[in-house]
Structures are given as C-alpha cells and as structure tokens.
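Before any comments, here is the structure.
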Amino acid sequence: MQEARTKTEEFLAEIERKDKAMVRRENREENKTYLIWMLALVLGIAALGLVTDKIIMPLVVGADEIVRVPDVVQLDSSRAVSVLRHEGLNPIIAQTHYHEEVEAGHIVSQLPHSNSEVKSGRRIYLVASRGQEYITMPELRGLLLRDARIKLLERGLLLDEVRYEHNQGFPTNQVFVQSKAANSAMRYNESVNVVVSLGPEIFYVTVPDLTGRTLAEAAQILKEAGLELGFKSQSSDETFVKGTIIDQFPMAGEQVEPGAAINVSENY
C-alpha cells in the first residue's frame, strides 16, 4: 500500500517536471518570436527613413525649390518681370501710383523684398511708378490775395513772391498778374508769384498860389490846373487890394487829388 502511494507521487512529480519544462520551451519560443518581430520593425523603420531621405525628400524639395528674390526696384517694368520670371517666380504688377523720383514705368517697390528666400513659383507683387503727378494751374486773376493763397494750397501749390502795383482795371488787393498761366501743368509744391493791385494810380496836383488874384482869375487858374474853386468867404486886410484873395485852403504848394476844391477868402 505504501509502495503504491510512493510510485503514484513519483509519477505525478515527473509529469509536473515535464510540464514545467514544456512551459519554459514555449516561453523561449515566444520571446524569440517577439525579438524577431521587433528586429523586423526596427529594420523596417530604418529602411523607410533611408528611402524618405534619399528618394522622397529630394523629389519634394525639387518640386518646391528655394529661390532668392532678386532686387528689381528702379528697373523698367518689363525688365523687372523678365528678371523675376527667369528666377522661376511669378511677378504681378499690383499697383501704379505717382512718384516724385522714380521714372514712369519703373518699379517703386516689391514684396517680398529683395534677398528674401521663397519657394519657386511664389508671387512677387510690384508697384510701378506713374511718374510725377501734374496739377492744373488755377486762375488767380481777380481773386483777393487771401483767396488766391487758399486756392493754391488746395491744389498743392505754394505762393512765393507777392508784389504790389497800381492798376486801373483791378480794385485794391486783387491779383492781376500770375507767373504761371491758368491751366498750365504744375508739379506738387511748385511756387507761383503774383502781382496784387493797389488800385488806380492817383496823380496829385500841386495847389497854385491864389493870393492877390481876383475870384475870376483864381477860378481860371484852378481850372487850368484841374482843380475847382470851392467855398468863398470874405475878410478884411488893408495890405491887399479889395476884391482879391488874401487866404486859401489847401495852402499853395500842397498836393491834392485832381478835381479837388480850393477854398478862398476874398478881401473886402
């Protein structure tokens, strides 16, 4: 009985030993398979990186080649377009505007700027000059000086020299001469000279000496001088002959306007 139990235990122990050995073999096989798969994965990734670096990337970079933008500012528009196209870029004249310094038809600015690195085929936006903008000179004659100055400023022009002269046809403070003719072409900030009227020129008459003259003689003398006999009063002075003029106003030698009246005092 005892012997039978011992044999049974030995049999069971042998089975357990064989089972453990089989489990160890299976684990070794699984580890080996895992390592093989991991090695294959690493090799696959390495191969993909190599293919990407040597084949795919050169194709991609070749499709989007990097270009350094040339400087085309100040070039004639057609020349600028030709230069940019030669570099594999796409020039577009986006705007034109007036410019004081850049000749008409030449490039004022570009975007992207020169020396920028861009992909081949990139659009390069250009601004071309229309040259200097010309302004129509306004008519200033007949305007007051203040109004003439304002009109010039509104057009972007400047009032420079102002001279004053008498003029029979233009009232005082009106412009009657301008250095640039109306409707002529002017540039921004260009200067204009004007002559402003002082009104009609007045020629003064020297008052003649009427003392000792009769009223009739005085009237004739004044008429010949372009003057008139004005108010007549009477006073007495024994040093003068009766019926002659002993005083006058304005006094002899003064300057008066033509047609002025000369008042006299007659001795009685």
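Tabulated values for the structure
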read-out: Top-ranked residue of the range 185-205 - restricted to ones that are of a type in the set (Ser, Thr, Tyr) and modelled with pLDDT of 95 or more, ranked as farthest from GLY230 (Cα to Cα); value: SER191
read-out: Some residue of the range 88-95 being closer than 14 Å to VAL118 by Cα, out of contact with any Leu (no Cβ under 9 Å at 6 or more places or on another chain), exposed (fewer than 12 other Cβ atoms within 10 Å of the Cβ) and among the aliphatic types (A, V, I, L, M); value: no
read-out: Per-region count, the range 111-130, residues farther than 18 Å from SER82 by Cα and buried (at least 17 other Cβ atoms within 10 Å of the Cβ); value: 0
read-out: Test: residue in the range 184-202 that is within 27 Å of LYS232 (Cβ to Cβ) and β-branched (Val, Ile, Thr); value: yes
read-out: Pairs, first touching a residue at least 24 places away in the same chain (Cβ under 8 Å) in the range 213-240, second part of a strand (DSSP E or B) and basic (Lys, Arg), C-beta under 9 Å, six or more apart; value: LEU215/LYS232
read-out: Selection within the range 254-268 - assigned to a loop (DSSP other than H, G, I, E, B) and either among the hydroxyl-bearing types (Ser, Thr, Tyr) or surrounded by 16 or more Cβ atoms within 10 Å (Cβ to Cβ) (or both); value: ALA260, TYR268
read-out: Evaluation of ALA148 against (1) at positive phi; (2) out of contact with any Asp or Glu (no Cβ under 7 Å at 6 or more places or on another chain); (3) small (Gly, Ala, Ser) (one fails), failing number; value: (1)
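The values are calculated or read from the model by the stated rules, or taken from the named source; none is laboratory data. Because the structure is predicted, anything quoted here is derived from the model rather than measured. Every residue, glycine among them, receives a Cβ derived from its backbone with ideal geometry; neighbour counts consider all protein chains shown.
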